[in-house]
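J.: Have a look at the structure that comes next, please.
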Amino acid sequence: MTSKKVDVLVVGAGVMSATLGQLLQLLDPSLNIMMVERLSRVAGESSHALNNAGTGHAGYCELNYTLERADGQVDISRALAINTAYEISLQFWSYLVENGMLPSPEKFINPICHQSFVWGEQNVAFLRKRYDALHTHHLFEEMEYSEDHAVLQKWMPLVMAHRDPLQKVAATQVKHGTDVDFGILTRKLIKAMTQSPTFDLKLSHTVTRMKQYPDGRWHVRIRDNHTKQSKTVDAGFVFLGAGGGALPLLQKSDIPESMGYGGFPVSGQWLICKNPDVVKQHASKVYGRAPTGAPPMSVPHLDTRMIDGQPALLFGPFASITTKFLKEGSVLDLFSSLKSNNLKPMLSVARDNLDLTRYLITEAFRSHKERVASLQAFYVDAREEDWELASAGQRVQIIKGCDVKGGKLEFGTEIVAAKDGTLAALLGASPGASVSVRAMLDVIERCFKSRMKSADWQRKLKEMIPSYGESLDENQALLGFVREKTLRTLGLLKQE
Ligand SMILES: Cc1cc2nc3c(=O)[nH]c(=O)nc-3n(C[C@H](O)[C@H](O)[C@H](O)COP(=O)(O)OP(=O)(O)OC[C@H]3O[C@@H](n4cnc5c(N)ncnc54)[C@H](O)[C@@H]3O)c2cc1C
């Protein structure tokens, strides 16, 4: 029996669904939006502060966004794309702060210097080339570079303390980098939406099935986790923002666009510092270079975080092997996702990525002492007793078919949308929450095509995101205007 008819059904109460819901509610307050979440709380999976690194990814410090090409040049195109995407998030959050829909910014976003740090001749040469390629672009013009131990001692005292003075080292920094508590951000976005009578939040409810009817609408089966009763919601548009749970739901939708997709789950762990005296000595995010053979999401970094308003120091993530798609998922998730249409890509990825699998298994069995030894490359004086292991979130990397090898593993994010625009899903988790606004605008552009072109929605979008429809990569004056405004509104101008 159909119990309710809605315009929009968003599955999952993470940062993606929260952002999409908020954007749609602002564009058309009359839309009936239902959000369904299997857990009893919002932001309980990847969007929870401890389940991600909280880095406002802008390409300032992440060395895996600027790869060295075969000709020795550093390719900065991905860093430019991520930086401009993050500027869109900053503009939207600024708009919400200015209009009282998000709280005072320091509750969810804080200025934390973004630094890259490397050692060894080859890595130093790479960082210098990366700096040369980036800082001449207006998006990165505030980036600083140094190989001088005395300068680096000032930039990152904990990292430089008792370091061999003869070691060849180099670092870059951008002072207006950010740390974001995506858990708080998500909770506040959803709280703001609940003020509207057209928004309905259903916690402890799991989406179990869905079917499209000839009129194009989706009948979505939702189970109440307490009573075990199910009901059907009739939705005009469905967004599968279920994080690791998006792939199984996309498969259930049976849309032709879902065919061939598979997932490769990777779990993560942090070392968290228990010693407040050590926490106090560090005030930046320091990203290094991933060890050879390591997947891009295991780039090590030593991070100052603000979690629920309290400073913390984390090192990691240590990637590990898992068969679960969600932290609170089932060990059968990976096996249940095997379908006849994705078997070939899944098997070929398994065959071609034995090194990655071996790496993840080895990582899973590392001792505390070995993990602290990795930390000591960043912080020489690290003591085992000051750090404890905690689990981070899960990521389901995308597997898809390809002509050459039969299947390929991807580390980015992808939106899969039905041709008729009635359903969309977000797969993958990188660069993740930081680019949630750009990703959700993509969903709206693909699934609400004609309304998106209307003068009313265009005007509202420009009001919320002043650079909407223009290129910050190409328009230096516009970047200057929006960056000055967002840094000021979000309190991100770091005091010297
Ligand atoms: C170790 C790690 C570090 C990361 N670091 C960063 C970082 O520094 N910066 C950054 O920007 N991003 C980072 N990310 C990525 C970021 O955390 C994710 O991209 C983002 O949180 C994903 O949000 P989401 O809303 O898609 O998923 P989630 O937050 O996981 O939300 C999905 C929700 O859907 C619910 N759900 C699932 N299935 C169902 C169902 N059938 N019915 C109802 N509900 C369902 C889940 O319970 C969950 O609450 C990191 C991720 C990991 C794992």
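The values are calculated or read from the model by the stated rules, or taken from the named source; none is laboratory data. Bear in mind that the values here come from a model prediction, so they are computed numbers and not experimental data. Cβ: placed from backbone, ideal geometry, glycine included. Neighbour counts: every protein chain shown. Just the protein is used for accessible areas: all its heavy atoms, side chains included, with ligands, DNA and RNA removed. Shrake-Rupley method; radii C 1.70, N 1.55, O 1.52, S 1.80 Å.
Table: residues versus (1) outside any helix (DSSP H, G or I); (2) of a type in the set (Phe, Trp, Tyr); (3) crowded, with 17+ Cβ neighbours inside 10 Å.
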site	(1), (2), (3)
416	yes, no, yes
419	yes, no, no
435	no, no, yes
441	no, no, yes
456	no, no, no
459	no, no, no
484	no, no, no
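J.: Take the residues in segment 358-384 that are hydroxyl-bearing (Ser, Thr, Tyr) and surrounded by 15 or more Cβ atoms within 10 Å (Cβ to Cβ); name whichever of them is farthest from residue 162 (Cα to Cα).
T.: The selected residue is 359.
J.: Related question: Considering (1) farther than 30 Å from residue 49 by Cβ; (2) in a helix (DSSP H, G or I); (3) without any contact (Cβ under 8 Å) to a residue 40 or more places away in the chain, say which one residue 166 fails and leave the rest.
T.: Residue 166 satisfies all of (1) farther than 30 Å from residue 49 by Cβ; (2) in a helix (DSSP H, G or I); (3) without any contact (Cβ under 8 Å) to a residue 40 or more places away in the chain except (2).
J.: For residue 93, all conditions in the list (1) within 15 Å of the ligand (Cβ to nearest atom); (2) open to solvent by 10 Å² or more (accessible area, probe 1.4 Å); (3) assigned to a helix (DSSP H, G or I); (4) not aliphatic (A, V, I, L, M) hold save one; what is the number of the exception?
T.: Failed condition: (2).
J.: Name the residues in segment 221-232 that are of a type outside the set (Gly, Ala, Ser) and either in contact with a Leu (Cβ under 6 Å, 6 or more places away or on another chain) or farther than 21 Å from residue 421 by Cα (or both), would you?
T.: 222, 223, 224, 225, 226, 227, 228, 229, 231
J.: Look through 266, 233, 207 and report the one residue that is near the ligand (Cβ under 9 Å from one of its atoms), open to solvent by less than 10 Å² (accessible area, probe 1.4 Å) and either in contact with a helix residue (DSSP H, G or I) (Cβ under 8 Å, 6 or more places away or on another chain) or assigned to a strand (DSSP E or B) (or both).
T.: Within the list 266, 233, 207, the selection yields 266.
J.: Right, here's the next one. Is one or more of the residues making up segment 75-85 in contact with a strand residue (DSSP E or B) (Cβ under 7 Å, 6 or more places away or on another chain) and either crowded, with 21+ Cβ neighbours inside 10 Å or on the phi < 0 side of the Ramachandran plot (or both)?
T.: no
J.: Tell me yes or no: at least one residue of segment 59-72 is over 21 Å from residue 442 (Cα atoms), small (Gly, Ala, Ser) and either more than 14 Å from the ligand (Cβ to nearest atom) or open to solvent by 50 Å² or more (accessible area, probe 1.4 Å) (or both).
T.: Taking every residue of segment 59-72 in turn, at least one turns out to be over 21 Å from residue 442 (Cα atoms), small (Gly, Ala, Ser) and either more than 14 Å from the ligand (Cβ to nearest atom) or open to solvent by 50 Å² or more (accessible area, probe 1.4 Å) (or both).
J.: Looking at residue 295 and the list (1) modelled with pLDDT of 95 or more; (2) within 15 Å of the ligand (Cβ to nearest atom); (3) closer than 25 Å to residue 61 by Cβ; (4) not hydroxyl-bearing (Ser, Thr, Tyr), which single condition is not satisfied?
T.: Unmet condition: (1).
J.: Looking only at residues that are open to solvent by 40 Å² or more (accessible area, probe 1.4 Å) and among the aliphatic types (A, V, I, L, M) in segment 335-357, which one is nearest to the ligand (Cβ to nearest atom)?
T.: So the residue we want is 338.
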